[in-house]
């Protein structure tokens, strides 16, 4: 996307952008597939976010602190990332991976492209065609199984919401990193804030589920 690729181009490294993005896409699809087939997705997400937070905490001591102008957006992005994680968990709990994942990932580039245009950073004709082709292919995967059943329709709703959250934090990060003075510093501190918020959210949900299960057990007794 233009909002984010501008940083790499400005750094004089446009030649490595494509393989980096493709590698990121492969890794993202891999861990999403793993998360889908883990029975306790909430615990897996908690372990992952705590691990990421530890690494981010270490990194925060060796990279520049992001400029004050980026901190509000940094915190907004951390909240958006937590919302994305929780909606992704919900989506994977009730939906088929081959339908919900393409929708979640395919919707976000379209929305980001719209935001970029509104913010004065429009895409070229070739970029527009590329996004249209990729999103068209993902849409084919979503509806390849025919019209979704009611239960799957609910999963597709959450997948769409996940895609919107991805687009929102992508745009937020793209703007914030330009004001941060350090992309590495922004990334480390944002991930650290995200880890703390996500850990709190996961523990809270686990406690509520535990109390609900306990109450159900007492009711059955």
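Of the helices (runs of 4 or more DSSP H) lying entirely inside region 1-97, not one contains at least 3 residues that are within 30 Å of residue 155 (Cα to Cα), in contact with a strand residue (DSSP E or B) (Cβ under 6 Å, 6 or more places away or on another chain) and at pLDDT below 80.
Residue by residue, here is whether (1) in a helix (DSSP H, G or I); (2) modelled with pLDDT under 80 holds:
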{"site": "101", "(1), (2)": "yes, no"}
{"site": "116", "(1), (2)": "yes, yes"}
{"site": "122", "(1), (2)": "no, yes"}
{"site": "135", "(1), (2)": "yes, yes"}
{"site": "154", "(1), (2)": "yes, no"}
{"site": "161", "(1), (2)": "yes, no"}
{"site": "167", "(1), (2)": "yes, no"}
{"site": "179", "(1), (2)": "yes, no"}
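With respect to (1) more than 26 Å from residue 69 (Cβ to Cβ); (2) modelled with pLDDT of 75 or more, the lone exception for residue 220 is condition (2).
The values are calculated or read from the model by the stated rules, or taken from the named source; none is laboratory data. Not measured: the values here are computed from a predicted model. Neighbour counts run over all protein chains shown; Cβ positions are idealised from the backbone, glycine included.
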